[in-house]
Each structure stands twice: as C-alpha cells, then as structure tokens.
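Report on the structure given below.
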Amino acid sequence: MLKELRPAVISFLLLTLVTGIAYPLAVTGIAQVFMPDQANGSLIIKDGKAIGSRLIGQSFSDPKYFWSRPSATGPMPDNAAASGGSNLGPTNPALIDAVKGRIQALHDADPGNTAPVPVDLVTASGSGLDPHISPAAAAYQINRVARLRGIDTTSVQQLVNKYTEQRQFGILGEPGVNVLQLNLALDSLHQ
C-alpha cells in the first residue's frame, strides 16, 4: 500500500506547488508588468486615496450628479460581494413597482423633463454593478445636472462625450458613459 501511496502524495505536492503557488505567482507577476492598472482593480485615486474603480458602479442620488444604473445588490447598493440581479421577471409586481418608483424619482429630480426615461435608468443590470449608463441615459440627465450646477449644457455635453466609451474594437458591446469618472470630472470643474 505504501508503494501506491507515495506517488499519489508526490503528485499531490507537485501539483499543489505548480498550480497553487508557481502559476498564480507567474500570472500575477506578468499582469503587474504588462497591465498594472487592470491587475490592481482599475482604481481611481484622488488625493492619494482610492475612491472607486472604473469597473464597479457606485450609487449617486444627489440630483447635481449623473445617476447610475440602479443596483439590485443588497442590502447595500453596488455591493460587489453580493453581485447579481434581482431575478424579478417582467410581469412581477415588485419589479413594476420598483420601476415606477425610479421613474417617479427621476421626474421629482427634474420635473420639467418630459423626455422618455431610458430603460437603463430604471432597471438593474444582471450583475448590479454596472459602472456605465447609455449615452441616452446621460443625455436625459444633462439639463438637470447643468441647471443644478449652474453651468451651461454645452460644457456638460462635452464632458459626457469625453467619458463615453465606444464599442470595443468597434464591434463588441454598446457605447457607455462611465458615471463615476463623469461625476468626478464635473466636481473638478468647480475646484
């Protein structure tokens, strides 16, 4: 029996060394050399402190900011540890009530806006952590943000254009506006 056990233990230890230590260290080292920003979470640093990531959505409720896509993570919004959708179907009364409430909040924040509300401002993404909104969702909010900040809509539109990310390789995905970066750029206008 010892004759059969020895190769199994040696194989176990060798595979543990290769797949549990050597491979992760090699991948981490390569990532740190060739793409350190992505390897470290694409963090946004302000005044020497990490304030967020370009890859994880954050909630904004102040009307002078662009609002993100709603998050279904709970109990706190945009909680990466609880990533996932609400699993509510399109005919579920809870989803319908949530959407109605979000539409009402948008109308309350900007009563003069009669444009149709873009769907991504009232429905959560599958992960609940989406850092982007559609260009239509950003356009819907431009007048409110400009008015409340006391700046012209052209300046706000230029910032939206600057932070709109196009399709990857020109064909993959949809254009999106990174809300955290856009809101930080808005804050920097007043400094």
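The numbers here are math on the coordinates, done by the rules we state, and not lab data. Computed from a predicted model, the values in this text were never measured in an experiment. Using ideal geometry, Cβ is built from the backbone for each residue, glycine included, and neighbour counts are taken over all protein chains shown.
Summary table
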{"quantity": "Net lengthening on full extension, LEU43/GLU165 (0.36 nm per residue, minus Cα-Cα)", "calculated": "42.2 nm"}
{"quantity": "Residues of type lysines that LYS46 reaches as a straight line, Cα spacing below 24 Å, ignoring anything fewer than 8 places off in the same chain", "calculated": "LYS64, LYS162"}
{"quantity": "Share antiparallel - DSSP beta bridges, the chain, percent rounded to 5", "calculated": "100"}
{"quantity": "C-alpha center-to-center spacing [region 114-191, region 9-26] in angstrom", "calculated": "46"}
{"quantity": "Relative contact order of the chain, defined on C-alpha pairs under 8 angstrom at six or more residues apart (%)", "calculated": "20"}
{"quantity": "Phi to ³J(HN,Hα) by Karplus 6.51 cos²θ - 1.76 cosθ + 1.60 over region 42-53, Hz, x for Gly, Pro", "calculated": "6, 6, 9, 9, 9, 6, x, 10, 6, 10, x, 10"}
{"quantity": "Region 91-144 shape via C-alpha gyration tensor axes, a/c threshold 1.5", "calculated": "oblate"}
{"quantity": "Correct choice for semi-axes √(5λ) of the Cα gyration tensor in Å that was computed from the model, options (i) 28, 23, 15; (ii) 20, 19, 16; (iii) 43, 23, 14", "calculated": "(iii)"}
{"quantity": "Total charge dipole magnitude, the chain, about the Cα centre, Cβ charges on Lys, Arg, Asp, Glu only, Debye to nearest 20", "calculated": "220"}
